[in-house]
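K.L.:
Here it is, the structure, as C-alpha cells.
The values are calculated or read from the model by the stated rules, or taken from the named source; none is laboratory data. Owing to the predicted nature of the structure, the values given are computational and were not obtained by experimental measurement. Glycine also receives a Cβ, built like all others from the backbone with ideal geometry; neighbour counts cover every protein chain displayed. Heads up: the accessible areas ignore ligands, DNA and RNA and are worked out on the full protein's heavy atoms, side chains in. Shrake-Rupley method; radii C 1.70, N 1.55, O 1.52, S 1.80 Å.
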Amino acid sequence: MTIGVIADGRPWVVPVHIATRNGFDFEWYSHTDTVHSQAIEQDPTIAISLYRSRQGDDLELGIYIQATAEKLLENPDGTARYRAVADEVWLNDHTHVKRRLTF
C-alpha cells in the first residue's frame, strides 16, 4: 500500500508493506526516523492508496482511504508498529466512477 502524509508542509508519499489488515484497518512496520513516521507524529491524518491493475495496465480496482494513523509499539531497534484506521473509503474501478463506501 502507499501512504501519503504532509511533511514540513509538503506532500510525501511512500510505499509500505502491510503487516496485517482487518477490513479497512491496516498495520505496518517502519523506522521511527523516516519522513512518514515523523510526519505521523506531527499530524496523524494520512491517505492510503491501493490498486490492482489488469493485464495491459487497465485499472481493475483502486481504493483511496482517508485515515488516522497511530504508533502502537516502538521496538528497541528503532522500528515501530503503526496502525491506520479508515475514516472514509472511496472505490474506483474499470468504469472510472468514484464511489464512496460506507462501512
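K.L.:
If N is the number of residues in the chain, what value comes out of its Cα radius of gyration divided by 2.2 N^0.38 Å?
P.N.:
My calculation over the Cα atoms of the chain gives 1.13.
K.L.:
Just want to confirm a number: the relative contact order over the chain, from Cα pairs under 8 angstrom separated by 6+ residues, in percent.
P.N.:
Across the chain, relative contact order equals 23 percent.
K.L.:
Each residue of the stretch 45-51 in order: what ³J(HN,Hα) in whole Hz does its phi give by Karplus 6.51 cos²θ - 1.76 cosθ + 1.60, θ = phi - 60°, with x for Gly and Pro?
P.N.:
Rounded to whole hertz, the list is 6, 9, 10, 10, 10, 9, 8.
K.L.:
As I understand it, the dipole of the chain uses +1 on the Cβ of Lys and Arg and -1 on the Cβ of Asp and Glu, about the Cα centre. Which of Gln66, Ala19, Thr32 lies farthest toward its positive end?
P.N.:
Gln66
K.L.:
Still on this structure, please answer the following. Can you tell which of Asn92, Tyr82, Tyr51 lies farthest toward the positive end of the dipole of the chain, using +1 and -1 charges on the Cβ of basic and acidic side chains (Lys, Arg; Asp, Glu)?
P.N.:
The residue sitting most towards the positive pole is Asn92.
K.L.:
Sort out for me the Cα centre separation of the stretch 58-95 from the stretch 20-39, rounded to whole Å.
P.N.:
With the stretch 58-95 and the stretch 20-39 each reduced to a Cα centre, they are spaced 8 Å.
K.L.:
Which order do Asp87, Asp93, Asp33 take by accessible area at a 1.4 Å probe, largest first?
P.N.:
I get Asp33, Asp87, Asp93, largest accessible area first.
K.L.:
If you don't mind, there's one more thing I want to ask. Give me the percent of the accessible area of the stretch 55-94 that comes from carbon and sulfur atoms, probe 1.4 Å, all protein chains in place.
P.N.:
47 percent
K.L.:
Can you give the accessible area per residue of the stretch 26-103, in Å², using a 1.4 Å probe? Don't jump to the answer; show the numbers that get you there.
P.N.:
On the way: 4890 Å² over 78 residues.
So the stretch 26-103 comes to 63 Å² accessible per residue, rounded to a whole number.
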